[in-house]
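**Student:** First the structure, then my questions, so here it is.
The values are calculated or read from the model by the stated rules, or taken from the named source; none is laboratory data. Here the structure is a predicted model, which is why all the values come from computation and not from measurement. Every residue, glycine as well, gets a Cβ built from its backbone with ideal geometry; the counts of neighbours run over all protein chains shown.
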Amino acid sequence: MQIQAITVSTSRFRLHGSVFSPKEADDISGEAIIDGLERAGHITTYMLLPDEMVPLREAILECSADALIICGGTGLGPEDVTIEAAEPLYRKAIPGFGEIFRQRAYEEVGTRAILTRASAGVVGQIPVFCLPGSPSAARLGLDLILMELDHMLKHIRRG
């Protein structure tokens, strides 16, 4: 299965520009996602984007992978636009992903988990997952995704 990972970070984008490897962007969270996906046997692509609505929406709509994982840009700051870019594109929301993510995050960080806006939905025939940018959030989100991705794709592609 081919999975695309996008890291959303204006500061990294200003330093590194359009790179296609998390190592080129000194992106620990992106590395955790790519490494975990490849260990699970998936083919991966990586992209670094700034916190900007238009490039992010274009990347989501142009994605031709089997699934898309977006890491970063989910915070509460005015520059954080990942959720605002992705959610209006969802043909179907997958609220359980965010709910379980927050539950598991609560076990790790306590009430700070209420700040997370982790989200998932289906755009076209592609599940799109939006994760916070910290390495621990990337690993947690990836664990949840890998547990259910095959099952999820069967439902999305059915009929």
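**Student:** Got a number for residues in segment 41-64 being surrounded by fewer than 14 Cβ atoms within 10 Å (Cβ to Cβ) and either touching a Leu at 6+ places or on another chain (Cβ under 8 Å) or assigned to a strand (DSSP E or B) (or both)?
**Tutor:** The qualifying residues number 2.
**Student:** From the list SER29, SER9, exactly one residue is touching a helix residue (DSSP H, G or I) at 6+ places or on another chain (Cβ under 7 Å), among the polar types (S, T, N, Q) and surrounded by 15 or more Cβ atoms within 10 Å (Cβ to Cβ). Which is it?
**Tutor:** SER29
Matching residues to (1) among the aromatic types (Phe, Trp, Tyr); (2) under 15 Å from the mean Cα position of the chain (by Cα); (3) more than 20 Å from PRO135 (Cβ to Cβ):
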{"position": "ALA5", "(1), (2), (3)": "no, yes, no"}
{"position": "ARG12", "(1), (2), (3)": "no, no, no"}
{"position": "HIS16", "(1), (2), (3)": "no, no, no"}
{"position": "GLY30", "(1), (2), (3)": "no, yes, no"}
{"position": "HIS42", "(1), (2), (3)": "no, no, no"}
{"position": "ILE60", "(1), (2), (3)": "no, yes, yes"}
{"position": "LEU68", "(1), (2), (3)": "no, yes, no"}
{"position": "ALA86", "(1), (2), (3)": "no, yes, yes"}
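**Student:** Which residues, taken from segment 18-38, are at pLDDT 95 or above and of a type in the set (Gly, Ala, Ser)?
**Tutor:** Of everything in segment 18-38, those that are at pLDDT 95 or above and of a type in the set (Gly, Ala, Ser) turn out to be SER21, ALA25, SER29, GLY30, ALA32, GLY36.
**Student:** For a quick check of your reading: which helices (runs of 4 or more DSSP H) sit entirely within segment 79-158 and have at least 2 residues that are among the charged types (D, E, K, R)?
**Tutor:** 95-109, 135-157
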